[in-house]
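Student: Handing you this structure, nothing more for now.
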Amino acid sequence: MAETLESPAAVTNIPEYSVGEISAAVKRTLEGAFGRVRVRGEITELKRYSSGHIYFSLKDENGKLAGIIWKTAVSRLGLVPENGVEVIATGRVTAYGERSSYQLIVERMEYAGAGALLARIEMLRVRLAEEGLFAETRKRPLPVLPKLVGVITSGQGAVLQDIRTTIARRFPRPILLWSVPVQGEGAAARIAAAIAGMSALPAGAIPRPDVLIVARGGGSLEDLMAFNDEAVVRAAAACSIPLISAVGHETDTTLIDFASDRRAPTPTAAAELAVPSRIELVADVAQKAGRLTSALARRMGEGRLRVTGASRGLPDIASLLGQARQRLDDRVERLRMAPRSLLMLRRAEWRHAAERLPAPSIWLQGLGRHVREAETRLRLGLPQLLALRRNAMALGAQGLGSGVRHRVSVLAQAEGRVSARLHPAPVVAGQREARARLEGLAARLDSVSYMAVLERGFALVSDPAGHPLTRAGEVAPRAALRLQFADGTVAATADGEAAAPRPSRPRNPAQQGSLL
């Protein structure tokens with residue numbers, strides 16, 4: 001088939017453009033054809049640069065579109081962009097000529113439906129729960145009667161009026177209000193700053209609240225998103241003042257409810273939790289006072305009965321005192337008479353003892369008679385005692401001399417016997433006899449040792465376990481053997497079958513067994 005070629009004149013009639021002109025024309029066409037658009041897609045490839053600009057891509061199942069958020073638009077964006085979140089981005093479509101690409105300049109973002117919002121909230125809830133921000137151990141009890149109630153809410157809404165009315169009705173307490181926007185751009189940052197500011201109040205000119213209420217009226221999920229912000233939840237968890245959250249209606253649940261110390265279904269219920277009812281408190285105090293009075297009266301009656309019962313068992317005090325006085329008078333009288341009676345008794349005892357003693361002259365005469373008798377016995381017995389002692393000493397001297405001579409002779413005989421035993425001739429003879437017996441035993445031992453047989457050229461055959469093999473029939477073909485020679489052991493393997501046994505002449509008993 002023949003090709004259709006244009007003539008040179010037709011080609012030269014087509015306008016000629018530069019690259020910059022084509023890029024500018026494409027940019028004008030895109031911006032003029034689309035203008036401001038809303039694009040729905042999932043955020044991917046998000047990057048934050050040090051300049052403050054954010055680059056990302058929006059994608060769906062059919063394509064991908066590059067996007068840019070300039071630094072000046074980040075604060076007005078409406079949410080914090082994250083990878084994996086489906087959003088609706090509002091902005092302008094334009095072209096970037098240096099890369100021949102088109103992109104979306106984003107001015108505002110919003111979540112793509114309630115499903116995306118709930119998914120993001122659930123992911124944040126799980127992450128914060130893993131950090132322990134919602135643990136029950138962090139919850140603190142509310143004060144029974146606070147001196148000052150702090151409130152963080154909008155200063156123009158009906159929520160503040162409901163809280164004021166409820167507190168005034170139940171138990172009037174002063175209120176410290178920190179007014180903040182409860183929805184819209186920048187609301188989350190303002191609420192987090194208010195919670196942190198209330199917590200950081202020092203004890204000074206501005207009183208510090210004893211309990212804090214963070215409240216907002218009902219609304220849609222998008223309206224309540226400020227109370228699902230991570231900064232707000234972390235500020236509530238870090239607050240040093242017991243915090244009550246009252247966001248939305250009873251069916252609404254936000255992440256600040258998990259981080260607060262108590263959750264109230266409505267702002268009115270939060271005020272009821274913050275302060276007690278004066279009427280109920282007075283009635284409770286009156287009831288407890290009545291119970292205390294009744295209990296005290298009952299205890300006093302019981303004590304009075306016990307005292308009365310105990311008094312019946314006690315003796316008559318006047319009678320006891322009279323008996324004590326009588327015993328005292330008796331003891332005094334006896335004590336007054338005791339020295340005279342004791343003196344008379346001692347005189348009678350001494351007189352009786354004196355009558356029993358002998359007269360001194362008679363006692364001295366008897367003592368002189370005993371002394372003269374002892375002197376006479378001593379004069380007569382002393383010569384006899386001296387003669388007996390001289391005879392005993394003579395006999396002892398004679399026995400001592402004969403005993404010494406006998407002992408010397410015994411020691412001389414023992415010395416002769418010991419000297420005979422210490423002569424070297426018997427010892428040398430005994431050594432020669434022992435050596436001859438030892439040499440004879442060594443010769444007999446060498447004659448029966450199998451090592452002597454191995455020295456003559458024989459070998460000892462055994463299996464790997466060391467058991468001797470005495471018959472050829474005990475060796476299987478290819479069996480492992482150990483051959484022990486006089487100077488060592490060699491491993492071997494049996495080759496072939498065992499031959500028929502041949503009669504042989506009797507061998508020396510030393511060569512029987514496993515010697516080959």
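The values are calculated or read from the model by the stated rules, or taken from the named source; none is laboratory data. Just so we're clear, the structure is a prediction, and the values are computed from it rather than from any experiment. Cβ placement follows ideal geometry from the backbone for every residue including glycine, while neighbour counts extend to all protein chains displayed. Heads up: the accessible areas ignore ligands, DNA and RNA and are worked out on the full protein's heavy atoms, side chains in. Shrake-Rupley method; radii C 1.70, N 1.55, O 1.52, S 1.80 Å.
Student: Of everything in the range 92-115, what is farther than 30 Å from I22 by Cβ and open to solvent by less than 20 Å² (accessible area, probe 1.4 Å)? Give them in sequence order. Full working, then the answer.
Tutor: Filtering the range 92-115 down to residues farther than 30 Å from I22 by Cβ leaves 108-115.
Hits for the range 92-115 are M109, A112.
Student: Here's something else I'd like to know. Any residue in the range 82-89 that is surrounded by fewer than 13 Cβ atoms within 10 Å (Cβ to Cβ) and at pLDDT 85 or above?
Tutor: Checking the range 82-89: not a single residue is surrounded by fewer than 13 Cβ atoms within 10 Å (Cβ to Cβ) and at pLDDT 85 or above.
Student: I've got another one for you. Does the range 230-241 contain any residue that is farther than 27 Å from V80 by Cα, open to solvent by less than 50 Å² (accessible area, probe 1.4 Å) and either over 41 Å from the mean Cα position of the chain (by Cα) or in contact (Cβ under 8 Å) with a residue 12 or more places away in the chain (or both)? Even if it seems obvious, please write down each step before you answer.
Tutor: Taking the range 230-241 first, the residues farther than 27 Å from V80 by Cα are 240-241.
Remaining after also requiring open to solvent by less than 50 Å² (accessible area, probe 1.4 Å): 241.
Still in the running and either over 41 Å from the mean Cα position of the chain (by Cα) or in contact (Cβ under 8 Å) with a residue 12 or more places away in the chain (or both): 241.
Within the range 230-241, one or more residues are farther than 27 Å from V80 by Cα, open to solvent by less than 50 Å² (accessible area, probe 1.4 Å) and either over 41 Å from the mean Cα position of the chain (by Cα) or in contact (Cβ under 8 Å) with a residue 12 or more places away in the chain (or both).
Student: Moving on. Do any helices (runs of 4 or more DSSP H) lying entirely in the range 19-137 carry at least 3 residues that are within 57 Å of the chain's Cα centre (by Cα), and which ones are they? Working first, answer last.
Tutor: Details: elements: 19-34, 71-74, 113-130.
Those helices (runs of 4 or more DSSP H) span 71-74, 113-130.
Student: Just checking: which of the strands (runs of 3 or more DSSP E) contained wholly in the range 431-499 hold 2 or more residues that are free of Cβ contacts under 8 Å to residues at least 24 places away in the same chain?
Tutor: Ranges flagged: 480-485, 488-493.
Student: Looking for whichever is surrounded by 10 or more Cβ atoms within 10 Å (Cβ to Cβ) and out of contact with any strand residue (DSSP E or B) (no Cβ under 6 Å at 6 or more places or on another chain) here; the options are R340, R306. Which one fits?
Tutor: Details: R340 fails: surrounded by 10 or more Cβ atoms within 10 Å (Cβ to Cβ).
After applying the criteria, what remains is R306.
Student: Is there any pair with a first residue in the range 46-64 that is acidic (D, E) and a second that is open to solvent by less than 80 Å² (accessible area, probe 1.4 Å) whose Cβ atoms are under 8 Å apart and which are 6 or more apart or on different chains, and what are they?
Tutor: D60/G41; D60/E42
Student: Go through the range 181-228 and count every residue that is β-branched (V, I, T) and in a strand (DSSP E or B).
Tutor: Filtering the range 181-228 for residues β-branched (V, I, T) gives 182, 191, 195, 206, 211, 213-214.
Then drop every residue that is not in a strand (DSSP E or B), which leaves 211, 213-214.
Residues that pass the stated criteria total 3.
Student: Here is a list of conditions, (1) touching a Lys or Arg at 6+ places or on another chain (Cβ under 7 Å); (2) of a type outside the set (V, I, T); (3) free of Cβ contacts under 8 Å to residues at least 40 places away in the same chain, and A269 meets all of them except one; can you say which number that is?
Tutor: So A269 meets the others, but not (1).
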